[in-house]
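Written out below as structure tokens is the structure these notes cover.
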């Protein structure tokens, strides 16, 4: 595995830090309205997210029956002036999205914790039921799809003797990290090959599902543990040739 290190040109298209919560009393979305003034300087764009459900039924010889139920306001999305940072305050949790170009973890984590404290003040959740760190990477590799072994440690392969040309690939793995409670969803996909190379998507969602008190001082440590596993998976996926493309 290549040495784990900072990449100055990391192929990250989106980083997501997600807190799913449980509360003893109902969390109301209108409780987030007071954050508009507090976040106006850093997050001037505010959008409402509505909660709707649609049901569709099919029956032999009958027309399609459908209904839509409106559950009202689900939460507020706060966007930074440059649209790169998004803070989602919802009745079921808090999510922070960082879009490309990525900055650094050292810059993102303190902001996540600052916003999480505001969420706790506004919503008063009892526990974090699921804590997750998801990084979506898009790698443009200067080689055809049949030569991906130069850059990927586990490239897609066509069974021997199967007379066809590989045109696409999609895989999903779910792995655990005993003895810890950390697990990860790992998705690898290939976009349609182009004349100048192949684009590979590496989507890593690392998470732990256990109750953590909403103001537990160890939350930053838990995030660091998730990040460590995410980095191990990312670098284990690539060869040194691939890593050097993004230094």
With criteria (1) under 16 Å from the mean Cα position of the chain (by Cα); (2) assigned to a strand (DSSP E or B); (3) under 30 Å from residue 34 (Cα atoms); (4) in contact (Cβ under 8 Å) with a residue 60 or more places away in the chain, residue 112 comes up short on (2)
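Take the conditions modelled with pLDDT under 95, loosely packed, with under 14 Cβ neighbours inside 10 Å and more than 18 Å from residue 97 (Cα to Cα) and apply them to residue 70. Does it pass?
Numbers: modelled with pLDDT under 95: yes; loosely packed, with under 14 Cβ neighbours inside 10 Å: yes; more than 18 Å from residue 97 (Cα to Cα): yes.
Considered against the rule, which asks whether it is modelled with pLDDT under 95, loosely packed, with under 14 Cβ neighbours inside 10 Å and more than 18 Å from residue 97 (Cα to Cα), residue 70 comes out as yes.
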Let me spell it out: the conditions are (1) more than 14 Å from residue 133 (Cβ to Cβ); (2) in contact (Cβ under 8 Å) with a residue 24 or more places away in the chain; (3) under 21 Å from the mean Cα position of the chain (by Cα), and residue 207 meets all of them except one. Which number is the exception? (1)
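Condition check ((1) under 17 Å from residue 86 (Cα atoms); (2) touching a helix residue (DSSP H, G or I) at 6+ places or on another chain (Cβ under 7 Å); (3) at pLDDT below 95; (4) in a helix (DSSP H, G or I)) across all residues:
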| residue | (1), (2), (3), (4) |
| --- | --- |
| 5 | no, no, no, no |
| 9 | no, no, no, no |
| 14 | yes, no, no, no |
| 20 | yes, no, no, no |
| 26 | no, no, yes, no |
| 30 | no, no, yes, yes |
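Taking the range 115-131 only, how many residues are assigned to a helix (DSSP H, G or I) and either more than 15 Å from residue 38 (Cβ to Cβ) or under 23 Å from the mean Cα position of the chain (by Cα) (or both)? If you could, list the steps in order and put the result at the bottom.
Let us first name the residues in the range 115-131 that are assigned to a helix (DSSP H, G or I), namely 115-123.
Keeping just the survivors that are either more than 15 Å from residue 38 (Cβ to Cβ) or under 23 Å from the mean Cα position of the chain (by Cα) (or both) gives 115-120, 123.
The number of residues fulfilling the criteria is 7.
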Inter-residue pairs, beta-carbon under 9 Å, first closer than 15 Å to residue 143 by Cα and in the range 232-247, second assigned to a helix (DSSP H, G or I), 6+ apart: 239/149; 239/150; 241/150; 242/150; 243/235
Residue that is nearest to the chain's Cα centre (by Cα) [pool: residues in the range 82-109 that are within 21 Å of residue 72 (Cβ to Cβ) and touching a residue at least 40 places away in the same chain (Cβ under 8 Å)]: 95
So which of 180, 214 ends up being farther than 17 Å from residue 144 by Cβ, free of Cβ contacts under 8 Å to residues at least 60 places away in the same chain and in contact with a helix residue (DSSP H, G or I) (Cβ under 9 Å, 6 or more places away or on another chain)? 180
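The values are calculated or read from the model by the stated rules, or taken from the named source; none is laboratory data. Please read all numbers here as calculations on a predicted model, not as lab measurements. Cβ coordinates were reconstructed from backbone atoms using ideal geometry, including for glycine residues, and neighbour counts include every protein chain displayed.
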